[in-house]
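Student: Dropping a structure here in structure tokens format, bear with me for questions.
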Amino acid sequence: MNEAVEEVDTVDTVDTVDTVDTVEDCLFCEIVAGHVHADIVLDEPDVLAFRDITPQAPTHVLVIPKAHHRDIAALTAADPAGAATLMAAAARVAAAEELVDGFRVVLNTGSDAGQSVFHVHAHVLGGRPLAWPPG
Ligand code: 5GP
Ligand code: ZN
């Protein structure tokens, strides 16, 4: 009996490793689920925006699709309309934050770019002059 249960668990894990396991381990999925607190500035059916816990500018908001995709490349491949929805939400956040002098939208993708949370997120940064090129 125990052996049979173990076998089923193993098969489940292998079959769903790219979906269920990743989502269960994902900080931003936990924020979407309401299990981790965030200072939410926009909550729509498909997207959520909340203030970065370590702001790098006077305004620093993270905009995410509620569905889990590891980065913008994966989101664009799986759901191009979802990528457009994410960008539109980022622009709405910038408007709501009154970033009338400009803002930057950043999508760190992969290790060279310093991505640290592997649930795609657009950083909306503004409220001060932003240097170019980035580091
Ligand atoms: P990345 O480095 O992946 O582009 O950006 C991840 C961002 O998530 C970082 O700017 C980091 O400060 C932010 N972050 C990490 N943990 C939390 C958290 O628990 N809550 C919030 N609101 N932001 C977080
Ligand atoms: Zn996630």
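Read-outs: derived from the displayed coordinates by stated rules, not from any lab. All values derive from a computational prediction rather than experimental measurement. Please note: Cβ atoms are built from the backbone with ideal geometry, for glycine as well, and neighbour counts cover all protein chains shown.
Student: Among (1) touching a Leu at 6+ places or on another chain (Cβ under 7 Å); (2) surrounded by 13 or more Cβ atoms within 10 Å (Cβ to Cβ), which single condition is Cys29 missing?
Tutor: Cys29 satisfies every listed condition except (1).
Student: Now, a different point. What are the residues in segment 55-65 that are within 16 Å of Gly82 (Cα to Cα) and either near ligand 1 (Cβ under 9 Å from one of its atoms) or over 8 Å from the mean Cα position of the chain (by Cα) (or both), if any?
Tutor: Answer for segment 55-65, where residues must be within 16 Å of Gly82 (Cα to Cα) and either near ligand 1 (Cβ under 9 Å from one of its atoms) or over 8 Å from the mean Cα position of the chain (by Cα) (or both): just Leu62.
Student: Of these, Ala95, Ala90, which one is outside any loop (DSSP other than H, G, I, E, B), of a type outside the set (D, E, K, R) and within 16 Å of ligand 1 (Cβ to nearest atom)?
Tutor: Only one candidate qualifies: Ala90.
Student: If the requirement is being surrounded by 15 or more Cβ atoms within 10 Å (Cβ to Cβ) and of a type in the set (D, E, K, R), which of these qualifies: Asp101, Asp112, Asp71?
Tutor: Asp71
Student: Pick out the one residue from Leu125, Leu107 that is more than 16 Å from ligand 2 (Cβ to nearest atom) and surrounded by 14 or more Cβ atoms within 10 Å (Cβ to Cβ).
Tutor: Selected residue: Leu125, the only one of Leu125, Leu107 that is more than 16 Å from ligand 2 (Cβ to nearest atom) and surrounded by 14 or more Cβ atoms within 10 Å (Cβ to Cβ).
Student: Taking segment 52-75 as the search range and keeping residues that are closer than 12 Å to His119 by Cβ and not hydrophobic (A, V, I, L, M, F, W, C), which one is nearest to ligand 2 (Cβ to nearest atom)?
Tutor: His68
Student: Given the residues Thr76, Thr85, which is the only one that is surrounded by 18 or more Cβ atoms within 10 Å (Cβ to Cβ) and more than 13 Å from ligand 1 (Cβ to nearest atom)?
Tutor: Among Thr76, Thr85, only Thr85 is surrounded by 18 or more Cβ atoms within 10 Å (Cβ to Cβ) and more than 13 Å from ligand 1 (Cβ to nearest atom).
Student: Still on this structure: Out of all the residues in segment 99-117, which are farther than 14 Å from Ala57 by Cα and part of a loop (DSSP other than H, G, I, E, B)?
Tutor: Across segment 99-117, the qualifying residues are Val100, Leu107, Asn108, Thr109, Gly110, Gly114, Gln115, Ser116, Val117.
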